[in-house]
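Step one of this worksheet: look at the structure below.
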Amino acid sequence: MENIEKLQKIIDESKNIVFFGGAGVSTASNIPDFRSSDGLFQRKYPYPAETMLSRDFFKGHKEEFYDFYVNNMIYPDARPNHAHSGLAALEKKGKLKAVITQNIDGLHQEAGSINVLELHGSIHRNYCTKCRGFYPLDYVLENLPVPLCTCGGVVKPDVVLYGEGLDTDTLDNALKYISEAHTLIIGGTSLSVYPAASLVNYFKGTNLILINKESTAMDRNAGLLINDDIDKVFKALKI
Ligand code: CNA
């Protein structure tokens, strides 16, 4: 409770908050993360999850890729939780300047957040590898095992696969928001996927807050460390 009061005070007094988050933000929405004890990386598949979500695997095994991707990364019934809605409310109040996320689930936007920088893309955007035409998620789900464009090209999710680079404009923008922030809240990320995780090193503001159920490499740098469920933490805040 003491930590929540401290966080509440920081939020009340901050005018330039930026949030940097990961898969742990959506576990309370029933989307498993990668590295928790019940995360995707603990399950048994024909190949490691990182292999099945790689650029090379997409190129060489499209049907297996889509089977794995649709069954493990797509949760059409997932709804935003208190963390998503709390961040959207902070933006509306003019306190939060950006949500920078490694998530691909679109739940921040569904909760009402406007300025969302998706470092790893989104399941909701899909494009034809031949003519670059864009398709929504429904099109992919309705055209399995391998969705094809009307031009005959293969449709690929606009998601950064292992082995692919991040969009440089999104990275630059994220870096700008973090380096100008007064308060940085890092939540629900193991901070182990690069280059995304290195962005937090550009923070030079006053309050570095870390919210995670487990420990991370950044714990010692945090001014306020909250080892708890981020959904519970945001539920307890008055925004
Ligand atoms: P990760 O490496 O799986 O780490 C998740 C972190 O969140 C861990 O440190 C957990 O301890 C922590 N955590 C889990 N649940 C909670 C909770 N309720 N409250 C607080 N902390 C919690 O995931 P990262 O995001 O760090 O790694 C980046 C990958 C995961 C990105 O490339 C994503 O695309 C990818 N991913 C995204 C989703 C999604 O979009 N929802 C789901 C699974 C994986």
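The values are calculated or read from the model by the stated rules, or taken from the named source; none is laboratory data. Every value quoted in this text rests on a predicted model; they were computed, and no experiment measured them. Glycine also receives a Cβ, built like all others from the backbone with ideal geometry; neighbour counts cover every protein chain displayed.
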Among (1) within 23 Å of His82 (Cβ to Cβ); (2) away from the ligand (no atom under 16 Å from the Cβ) - the single one Leu144 does not satisfy: (1)
Quickly run through region 103-155 and pick out the residues that are closer than 17 Å to Glu63 by Cα and among the hydroxyl-bearing types (Ser, Thr, Tyr). Tyr127, Thr129, Tyr139
Of everything in region 218-233, what is more than 10 Å from the ligand (Cβ to nearest atom) and either outside any helix (DSSP H, G or I) or within 23 Å of Pro80 (Cβ to Cβ) (or both)? Give them in sequence order. Met218, Ala222, Gly223, Leu224, Leu225
Would it be correct to say that Asp38 is among the acidic types (Asp, Glu), buried (at least 17 other Cβ atoms within 10 Å of the Cβ) and touching a helix residue (DSSP H, G or I) at 6+ places or on another chain (Cβ under 9 Å)? no
Count of region 2-35 residues which are part of a loop (DSSP other than H, G, I, E, B), without any contact (Cβ under 8 Å) to a residue 60 or more places away in the chain and out of contact with any helix residue (DSSP H, G or I) (no Cβ under 8 Å at 6 or more places or on another chain): 1
In this structure, is Val146 modelled with pLDDT of 95 or more, assigned by TED's automatic domain parsing to the domain that holds Tyr47, within 30 Å of Phe65 (Cβ to Cβ) and in contact with a helix residue (DSSP H, G or I) (Cβ under 6 Å, 6 or more places away or on another chain)? yes
Is it the case that some residue within region 121-128 is crowded, with 16+ Cβ neighbours inside 10 Å, within 22 Å of Met73 (Cβ to Cβ) and polar (S, T, N, Q)? yes
Inside region 66-91, the number of residues satisfying the requirement of being part of a helix (DSSP H, G or I) and either within 22 Å of Leu117 (Cβ to Cβ) or of a type in the set (Asp, Glu) (or both) is 12
Find the residue count for region 97-112, including only residues that are over 18 Å from Ser198 (Cβ atoms) and assigned to a loop (DSSP other than H, G, I, E, B). 4
What pairs come out if I take residues in region 169-187 that are of a type outside the set (Gly, Ala, Ser) and pair them with residues that are more than 16 Å from the ligand (Cβ to nearest atom) and at pLDDT below 95 whose C-beta lies under 7 Å away, six or more apart or interchain? His182/Lys15
Go through Leu117, Leu144 for me and flag whichever is assigned to a loop (DSSP other than H, G, I, E, B) and closer than 22 Å to Ile31 by Cβ. Leu144
Give me the pairs: first residue in region 192-208 and over 16 Å from Thr170 (Cα atoms) and of a type in the set (Ser, Thr, Tyr), second residue in a loop (DSSP other than H, G, I, E, B) and more than 12 Å from the ligand (Cβ to nearest atom), beta-carbon distance under 7 Å, and six or more apart or on different chains, which are they? Thr206/His182
Does Ser26 count as within 18 Å of Ser190 (Cβ to Cβ) and either within 13 Å of the ligand (Cβ to nearest atom) or not assigned by TED's automatic domain parsing to the domain that holds Ile226 (or both)? yes
Boolean, Ser190 is in the same structural domain as Phe19 (by TED's automatic domain parsing), assigned to a loop (DSSP other than H, G, I, E, B) and within 13 Å of the ligand (Cβ to nearest atom): yes
